[in-house]
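Heads up, the thing below is written out as structure tokens.
The values are calculated or read from the model by the stated rules, or taken from the named source; none is laboratory data. Owing to the predicted nature of the structure, the values given are computational and were not obtained by experimental measurement. Please note: Cβ atoms are built from the backbone with ideal geometry, for glycine as well, and neighbour counts cover all protein chains shown. The accessibility values were calculated without ligands, DNA or RNA, using every heavy atom of the protein model including side chains. Shrake-Rupley method; radii C 1.70, N 1.55, O 1.52, S 1.80 Å.
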Amino acid sequence: MSSAINSGARPADEPTEAAAAERVRGIFNSIAPSYDLLNHLLSFGLDRRWWASSARAFQSILKNPEACVLDLCCGTGDMTAALLALRPQPAEPVTGLDFSAHMLTLARKKFPASNILWIEGDAMHLPYTDNSFDLVTSAFGFRNLTNYSAGLAEIYRVLKPGASIGILDCNQPSGLSGALYTLYFRYGLPLIGGLISGDFASYRYLPASVARFPRPPQMLDMLAHAGFHNCAWDGYFLRAAGLYRAVK
């Protein structure tokens with residue numbers, strides 16, 4: 001579907017961005033306790049490889065101890081930790097930001113002694129001045145923003161000139177293998193996720209959010225329209241997920 005029509009996440013066709021954002025927050029607070037286990041099971045363990053591969057794409061930035069790094073929609077912190085793993089010591093801390101308090105509570109428990117700043121905040125209204133960061137990433141969280149174009153504009157604002165953006169997120173693959181994966185993702189994931197978590201409605205939202213999210217050509221156009229250049233997408237595993245990269 002067109003990214004012009006689907007401007008952002010709408011879990012239940014909410015009439016406003018504010019209502020949709022509150023619904024998304026409620027969904028992720030609800031599934032937080034089972035989030036990690038289900039991510040690993042439902043991705044066949046590939047999520048760990050995807051976080052590591054995405055972090056390595058920005059190794060030249062991460063190895064600079066003075067680089068300022070922000071991981072948006074950080075959830076329970078796995079992408080944030082993958083970024084930290086490539087940082088020298090000592091170095092500036094990595095910042096993980098999420099608007100789900102329950103997710104951040106789990107992140108702090110998982111990585112208690114890490115050089116990470118955990119911040120509860122809104123990715124649509126970042127609490128930072130212009131030109132603050134050398135790298136901003138988001139892993140499987142950007143598609144939950146209620147306005148994709150505004151989200152990109154906000155990331156652009158806080159990036160320094162010449163800094164990079166990295167968005168790891170899902171895609172709907174094509175071909176026979178892609179069709180089989182999509183069938184599993186659309187029907188198997190909500191069933192398994194619902195049985196384990198007890199929250200069927202939230203796990204029905206997740207595949208619906210992927211169906212609504214712009215495809216790579218549309219997303220690359222949106223990045224360019226937001227002012228980024230050197231826009232690229234690297235597809236992972238049947239092109240069911242991939243990393244968007246661009247430079248301010």
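Please specify each residue of the stretch 156-171 satisfying the condition of being outside any strand (DSSP E or B), open to solvent by 10 Å² or more (accessible area, probe 1.4 Å) and closer than 25 Å to Arg56 by Cβ.
If the condition is that a residue be outside any strand (DSSP E or B), open to solvent by 10 Å² or more (accessible area, probe 1.4 Å) and closer than 25 Å to Arg56 by Cβ, then Tyr156, Asn171 are the ones that fit.
Taking the stretch 124-155, which residues are assigned to a loop (DSSP other than H, G, I, E, B), of a type in the set (S, T, N, Q) and closer than 14 Å to Ala18 by Cα?
Selection gives Thr146, Asn147.
Each residue in the stretch 92-102 was checked for being touching a residue at least 40 places away in the same chain (Cβ under 8 Å) and closer than 12 Å to Met79 by Cβ, and 1 pass.
Scanning the stretch 174-187 for residues that are open to solvent by 20 Å² or more (accessible area, probe 1.4 Å) and either out of contact with any Pro (no Cβ under 9 Å at 6 or more places or on another chain) or not in a helix (DSSP H, G or I) (or both) gives Ser174, Gly175, Leu176, Ser177, Leu180, Leu183, Tyr184. In the set Thr76, Thr80, only one residue is outside any helix (DSSP H, G or I) and within 17 Å of the chain's Cα centre (by Cα); that residue is Thr76. Count of the stretch 91-110 residues, restricted to those that are part of a strand (DSSP E or B) and among the polar types (S, T, N, Q), is 1. Arg204 satisfies every condition listed in (1) of a type in the set (D, E, K, R); (2) within 17 Å of the chain's Cα centre (by Cα); (3) farther than 22 Å from Thr137 by Cα except (2).
Taking residues in the stretch 170-182 that are closer than 21 Å to Ala9 by Cβ, and partners anywhere that are of a type in the set (Phe, Trp, Tyr) and in a loop (DSSP other than H, G, I, E, B), the pairs with Cβ atoms closer than 9 Å and at least 6 places apart or on different chains are Cys170/Phe140; Cys170/Phe213; Asn171/Phe213; Gln172/Phe213; Pro173/Phe237. Do you know which of the residues in the stretch 12-67 that are acidic (Asp, Glu) and open to solvent by less than 80 Å² (accessible area, probe 1.4 Å) is farthest from Ala201 (Cα to Cα)? Per the criteria, the residue is Asp47. Within the stretch 122-136, is there a residue that is at pLDDT below 95, open to solvent by 10 Å² or more (accessible area, probe 1.4 Å) and either charged (D, E, K, R) or over 15 Å from Val94 (Cα atoms) (or both)? No, the conditions are met nowhere in the stretch 122-136.
Does Ala113 satisfy being in a loop (DSSP other than H, G, I, E, B), surrounded by fewer than 24 Cβ atoms within 10 Å (Cβ to Cβ) and of a type in the set (A, V, I, L, M, F, W, C)? Yes; evaluated as a whole, the condition is true for this residue. Scanning the stretch 205-229 for residues that are surrounded by fewer than 19 Cβ atoms within 10 Å (Cβ to Cβ) and free of Cβ contacts under 8 Å to residues at least 24 places away in the same chain returns Pro217, Ala224, His229.
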